[in-house]
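Novice: Okay, here's the structure, questions in a sec.
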């Protein structure tokens, strides 16, 4: 099995799709940002872009036969995909920009809050009493005036809707499009946790595949195949979303679907 040849076949089809997206993405971005969902649209476009960066890195790493690093990025890509699906399904269900507002307000705050908690813990561990009494909720309110009238309970509920388990719970009850892919990647996400966190199962898998060259190559190709599917579906869903504002995006949606058929003899 020639690993590089197989991955290049996937790359070739992916490049065809990229050309379709690249030629239309500026117009699409303008159209959806002008819609009644500006923050949701911004989140979706950025997740399309970020997932594409991860996809390209996965292809490169797999071609270098670095299975361990590929699995770490693979898990990150799955999480980006789930967040994308969670945001777009919320918007489709509620027909408003609330999920985009929450994403940029409460995810941003959540990251700041995690930093403050880490700062508090670190200073407590290293016996700096000046930080031991740090009230993280008050600090959030002080630095970001949007939270002055919010209670910790309200903020926590909004922030935690973007937790992995809560996104899964929501998606499992609403997702119909791409359900097969969704059911496939959830167990993979859990399995890959060991690679991200340096656990022994990831180590065992790594050494097993290091010994069996053909098994390792099959695994690397499979990662590239599913990576391609995940990012293709994100692009398809984005063009479907944009088609409600301009029907010309249906044409590109169909072109992407048609181009992806060229990979059917591999996947």
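The values are calculated or read from the model by the stated rules, or taken from the named source; none is laboratory data. The structure presented is a predicted model; accordingly, all values stated were derived computationally and were not measured. Using ideal geometry, Cβ is built from the backbone for each residue, glycine included, and neighbour counts are taken over all protein chains shown.
Novice: Which numbered condition in (1) modelled with pLDDT under 95; (2) surrounded by fewer than 20 Cβ atoms within 10 Å (Cβ to Cβ); (3) under 24 Å from the mean Cα position of the chain (by Cα) is the only one that residue 230 fails?
Specialist: Against the list (1) modelled with pLDDT under 95; (2) surrounded by fewer than 20 Cβ atoms within 10 Å (Cβ to Cβ); (3) under 24 Å from the mean Cα position of the chain (by Cα), residue 230 comes up short only on (2).
Novice: Now for a different question. Filter segment 142-174 for residues that are at pLDDT below 75 and crowded, with 17+ Cβ neighbours inside 10 Å; which is farthest from the chain's Cα centre (by Cα)?
Specialist: 150
Novice: Out of all the residues in segment 25-36, is one or more under 25 Å from residue 186 (Cβ atoms), crowded, with 18+ Cβ neighbours inside 10 Å and in contact (Cβ under 8 Å) with a residue 12 or more places away in the chain? Before you say what the answer is, go through the steps one by one.
Specialist: Of segment 25-36, the ones under 25 Å from residue 186 (Cβ atoms) are none.
Looking for residues that are under 25 Å from residue 186 (Cβ atoms), crowded, with 18+ Cβ neighbours inside 10 Å and in contact (Cβ under 8 Å) with a residue 12 or more places away in the chain, one finds none in segment 25-36, hence no.
Novice: Return yes when residue 251 is out of contact with any helix residue (DSSP H, G or I) (no Cβ under 6 Å at 6 or more places or on another chain) and either modelled with pLDDT of 95 or more or crowded, with 19+ Cβ neighbours inside 10 Å (or both) and no when it is not. Walk me through it before giving the result.
Specialist: Values: out of contact with any helix residue (DSSP H, G or I) (no Cβ under 6 Å at 6 or more places or on another chain): yes; either modelled with pLDDT of 95 or more or crowded, with 19+ Cβ neighbours inside 10 Å (or both): yes.
Yes, satisfied.
Novice: I'm told residue 177 meets every condition in (1) modelled with pLDDT under 80; (2) touching a helix residue (DSSP H, G or I) at 6+ places or on another chain (Cβ under 9 Å); (3) assigned to a helix (DSSP H, G or I) except one. Can you identify the failing condition by its number?
Specialist: Failed condition: (3).
Novice: Might you check whether a residue that is over 30 Å from residue 217 (Cβ atoms) and in a helix (DSSP H, G or I) occurs anywhere in segment 60-83? So that I can check it myself, show each step before the final result.
Specialist: Of all residues in segment 60-83, those over 30 Å from residue 217 (Cβ atoms) come to 83.
Those still in the list that are in a helix (DSSP H, G or I) too: 83.
Yes: one or more hits.
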